[in-house]
Amino acid sequence: MSDWHHAPPHRFREGNSVYFVTGATEKKQHFYRRRDRLDALRTRLFALAEQHECRLQAWALFSNHYHLVVSGSAVREMLTLLHTQEGIAANDIDQTPGRRVWYQFRDTELTFERSWLARLRYTHENAVHHGLVLDATQYRWCSAAWFETHAPAGFVATIKRIKIDRVNVSDDFLVVPGD
């Protein structure tokens, strides 16, 4: 099978693999700059993850993109529905039927523990990377605060020690804080 050169290939495997996923809005537009829209996106993401038995290990949602660390056998289906349903909802709110809201998503299967740990930290810290907050736990649309209160203290400490300066992620998004 050859890849289409205009879109990233999605090679989800059967089983319970772990993936790092970055999704982007069409032309990096800020469809989710309002707090209520980010709240709705988060609610839909959580509901679809549960419905498709996908485990969200880390998440960060922004005005024009998201990062996820997610496992499960129906990740592709969950993401396809997320983009479809959120596109319809955004277009209903803005009264713009047929407008393309979500562009694509890129996924990487995480097969090495250090790679997985680095992407967990990268996702948790992404709001800091984009200059939205000084402490990731203060950004309500990411998993940093949840992680610190629900994960074992030793695991939290391990993640905080992981270096992420060499994590190669296409993340050239200019984001805006929610209203």
query: Got a number for residues in the range 88-120 being surrounded by 15 or more Cβ atoms within 10 Å (Cβ to Cβ), closer than 29 Å to residue 138 by Cβ and over 13 Å from the mean Cα position of the chain (by Cα)?
result: 9
- request: For residue 110, indicate whether it is modelled with pLDDT of 95 or more and within 23 Å of residue 145 (Cβ to Cβ).
  value: no
message: Just the residues that are surrounded by 15 or more Cβ atoms within 10 Å (Cβ to Cβ) and at pLDDT 80 or above, please, taken from the range 157-178.
response: 159, 162, 164
message: Can you say whether residue 20 is surrounded by fewer than 16 Cβ atoms within 10 Å (Cβ to Cβ), touching a Leu at 6+ places or on another chain (Cβ under 9 Å) and not hydroxyl-bearing (Ser, Thr, Tyr), as far as the supplied structure shows?
response: no
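Here is a yes/no grid of residues against (1) out of contact with any strand residue (DSSP E or B) (no Cβ under 6 Å at 6 or more places or on another chain); (2) without any contact (Cβ under 8 Å) to a residue 60 or more places away in the chain; (3) at positive phi; (4) of a type in the set (Lys, Arg):
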{"position": "35", "(1), (2), (3), (4)": "yes, no, no, yes"}
{"position": "46", "(1), (2), (3), (4)": "yes, yes, no, no"}
{"position": "50", "(1), (2), (3), (4)": "yes, yes, no, no"}
{"position": "56", "(1), (2), (3), (4)": "no, no, no, no"}
{"position": "59", "(1), (2), (3), (4)": "no, no, no, no"}
{"position": "70", "(1), (2), (3), (4)": "no, yes, no, no"}
{"position": "82", "(1), (2), (3), (4)": "yes, yes, no, no"}
{"position": "91", "(1), (2), (3), (4)": "yes, yes, no, no"}
{"position": "98", "(1), (2), (3), (4)": "yes, yes, yes, no"}
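What is the residue count in the range 121-133 for residues that are assigned to a helix (DSSP H, G or I), more than 14 Å from the chain's Cα centre (by Cα) and in contact (Cβ under 8 Å) with a residue 40 or more places away in the chain? Step through it out loud before you land on a result.
Residues of the range 121-133 that are assigned to a helix (DSSP H, G or I), as a first pass: 121-124, 126-129.
Next, from what is left, pick out any that are more than 14 Å from the chain's Cα centre (by Cα): 128-129.
Of the ones still in play, those that are also in contact (Cβ under 8 Å) with a residue 40 or more places away in the chain are 129.
Number of matching residues: 1.
The values are calculated or read from the model by the stated rules, or taken from the named source; none is laboratory data. Computed from a predicted structure; not experimentally measured. Every residue, glycine as well, gets a Cβ built from its backbone with ideal geometry; the counts of neighbours run over all protein chains shown.
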